[in-house]
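**Student:** Input: one structure, supplied below.
The values are calculated or read from the model by the stated rules, or taken from the named source; none is laboratory data. Because the structure is predicted, anything quoted here is derived from the model rather than measured. Backbone-built Cβ (ideal geometry, glycine too); neighbour counts: all protein chains shown. When the accessible area is computed, the model is the full protein with side chains, heavy atoms only, and any ligands, DNA or RNA have been set aside. Shrake-Rupley method; radii C 1.70, N 1.55, O 1.52, S 1.80 Å.
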Amino acid sequence: MRFAHVLAIVAAFALLTAGATAASAQTIGDVLGTTILNDTLTQIALPNLTSQIPDPESDTQTQTQQTTTATQPTTNPTPSGRALGYYCRAESKKHAAGKKTPFAQCVNAMRSLRTGKTSSASKACAALSHKRAAGKKSPFALCVSGGKQLLAESAK
């Protein structure tokens, strides 16, 4: 028998001999029930997985396969540059009647710059408004500055 099981039986016996009341009778049941459950769960036989897994230090073929796969380059390169909306993050996203937002217009301008339809930031952003609010740049100016940043980053 296990030590915990023996200890639980001794504790239950001590409670019974000391004149256990109804409240401590439930405690005895809890102790015995927990012990039986513990014994049942610990005796469940799990499969020994360590015997089925090969030792990588003793298997030279596995070592060579691991080193060759680690040095091979990936076939799908990550796209270079940032998302087009990054260059237009300062633009307003409020809708005007019958028009796209300045942000959406700027993203379209950045797309034409990235694809090579236009090589000039001011030409790509020509559709944006030149009007500016007090203390702020116009949507056109914000788009041009984002376009210049895009062209500078793509030239690197």
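**Student:** Taking the full set of protein chains and a 1.4 angstrom probe, give the accessible area of R89 in square angstrom, rounded to the nearest 10.
**Tutor:** 140
**Student:** Related question: Whole Å is fine, so just give me how far the alpha carbon centre of region 84-118 lies from that of region 127-145.
**Tutor:** Region 84-118 and region 127-145 have Cα centres separated by 12 Å.
**Student:** Ignoring ligands, DNA and RNA, what accessible area per residue does region 86-132 give at 1.4 Å, in Å²? If you can, show how the numbers build up before the last one.
**Tutor:** Numbers: 3200 Å² over 47 residues.
Per residue, region 86-132 has an accessible area of 68 Å².
**Student:** Using only protein heavy atoms and a 1.4 Å probe, report how much of S92 is accessible, in Å² to the nearest 10.
**Tutor:** Its accessible surface works out to 50 Å², give or take rounding.
**Student:** Further, regarding this structure: Quick one: 3J(HN,Hα) in Hz for region 82-98, Karplus 6.51/-1.76/1.60 with θ = phi - 60°, rounded, Gly and Pro as x.
**Tutor:** Each residue of region 82-98 in turn: 9, 5, 5, x, 4, 6, 10, 5, 7, 6, 6, 10, 7, 7, 9, 5, x Hz.
**Student:** Between A152 and R89, what is 0.36 nm times their sequence separation minus the Cα-Cα distance? Round to one decimal in nm. Spell out each step's value before the answer.
**Tutor:** Numbers: separation 63, 0.36 × 63 = 22.68 nm, distance 1.72 nm.
Once the chain is fully extended between A152 and R89, it gains 21.0 nm.
**Student:** Estimate the FRET efficiency between S112 and R132 by the formula 1/(1 + (r/R0)^6), using the beta-carbon distance for r and 22 Å for R0, to the nearest 0.05. Let's see the in-between values first.
**Tutor:** Numbers: r = 23 Å, r/R0 = 1.04.
The computed FRET efficiency comes out at 0.45.
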